[in-house]
Amino acid sequence: LATHIEADDTLLWDCPDDWTLEEAATVPVVYGTVYSAFFLTVQIEKGKAILIHAGSGGVGLAAIRVAFAYGLEVFTTVSTEEKKKFLLSEFPELKEENIGNSRDISFEDMVMARTNGKGVDYVLNSLADEKLQASIRCLGKGGKFLEIGKFDMANDTKIGLGHFLNELSFHAIMVDKLITGLESEKLVNDIVIFISMTLSYFSPRI
């Protein structure tokens with residue numbers, strides 16, 4: 001507890017005039033997570049397909065927006081019909097048949113049916129247990145699994161090596177290291193540029 005803190009000037013950004021500070025505070029972590037996953041860990045490519053879990057959450061919304069901006073085909077999951085309707089209203093380009101259920105593993109059948117059995121190129125995952133395993137099975141040959149949840153890593157969940165016969169790669173996205181790491185590790189200039197681009201081009205609704 002403290003009455004004063006010394007701010008880290010590498011983690012300060014200008015707040016747009018028409019945003020409240022509360023609204024602005026929701027942007028850096030979610031877009032920083034997407035930036036770390038999509039551009040530092042892998043280089044997403046136009047024309048590829050991605051499965052983004054929990055699409056109506058903060059990271060999900062940011063990820064869908066960036067994925068569409070970079071020309072990816074988007075598949076996503078939600079837990080309620082209300083959230084599905086929200087996504088369809090927020091993203092007119094999102095296909096209703098590309099939205100699955102995040103509460104069970106039925107999204108696996110949806111992805112495989114919609115891709116004619118090929119699977120997707122990327123999975124941005126925040127689901128756990130059997131839903132994590134099903135998400136891995138959604139990847140096509142050479143697919144990249146981007147894990148932003150820490151539940152299964154903390155619990156040392158086992159993943160069968162058989163999955164990797166399909167030339168998959170598994171990446172843990174530790175965005176907190178961009179915030180708490182050494183100044184040389186933060187890559188702040190790139191983050192600032194990316195967030196600035198995001199605010200300028202995408203104007204996300206908070």
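The values are calculated or read from the model by the stated rules, or taken from the named source; none is laboratory data. These numbers were taken from a predicted model, which means no experiment stands behind them. Reconstructed Cβ throughout: ideal geometry from the backbone, glycine too, with neighbour counts over all protein chains shown. Accessible surface is based on the protein model in full, side chains and every heavy atom, while ligands, DNA and RNA are left aside. Shrake-Rupley method; radii C 1.70, N 1.55, O 1.52, S 1.80 Å.
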Selection count, segment 1-40, where residues are in contact with a Gly (Cβ under 8 Å, 6 or more places away or on another chain) and not hydroxyl-bearing (Ser, Thr, Tyr):
2
Hits in segment 155-175 (condition: of a type in the set (A, V, I, L, M, F, W, C) and over 21 Å from residue 124 (Cβ atoms)):
161, 165
For a quick check of your reading of the model, give me the residue pairs whose first member lies in segment 85-99 and is touching a residue at least 24 places away in the same chain (Cβ under 8 Å) and aliphatic (A, V, I, L, M), whose second is open to solvent by less than 90 Å² (accessible area, probe 1.4 Å) and assigned to a loop (DSSP other than H, G, I, E, B), with beta-carbon atoms closer than 8 Å and at least 6 apart or on different chains.
87/55; 87/56; 87/94; 99/55
Please go through segment 1-39 and pick out each residue that is acidic (Asp, Glu) and surrounded by 12 or more Cβ atoms within 10 Å (Cβ to Cβ).
8, 23
Filtering segment 94-152 down to residues that are surrounded by fewer than 17 Cβ atoms within 10 Å (Cβ to Cβ) and assigned to a strand (DSSP E or B) yields 101, 141, 142
Members of segment 58-76 found to be in contact with a strand residue (DSSP E or B) (Cβ under 9 Å, 6 or more places away or on another chain) and either open to solvent by 10 Å² or more (accessible area, probe 1.4 Å) or closer than 22 Å to residue 32 by Cβ (or both), listed by number
59, 60, 63, 64, 67, 68, 72, 73, 74, 76
Of the conditions (1) closer than 29 Å to residue 46 by Cβ; (2) at pLDDT below 95, the single one that residue 139 does not satisfy is (2)
Residue in segment 52-71 that is in contact with a Pro (Cβ under 9 Å, 6 or more places away or on another chain), among the aliphatic types (A, V, I, L, M), within 22 Å of residue 107 (Cβ to Cβ) and in a helix (DSSP H, G or I) present
yes
Given the condition closer than 25 Å to residue 116 by Cβ and β-branched (Val, Ile, Thr), answer yes or no: does some residue in segment 79-86 qualify?
no
Are any residues in segment 154-168 in a helix (DSSP H, G or I) and either of a type outside the set (A, V, I, L, M, F, W, C) or surrounded by 12 or more Cβ atoms within 10 Å (Cβ to Cβ) (or both), and if so, which ones?
162, 163, 164, 166
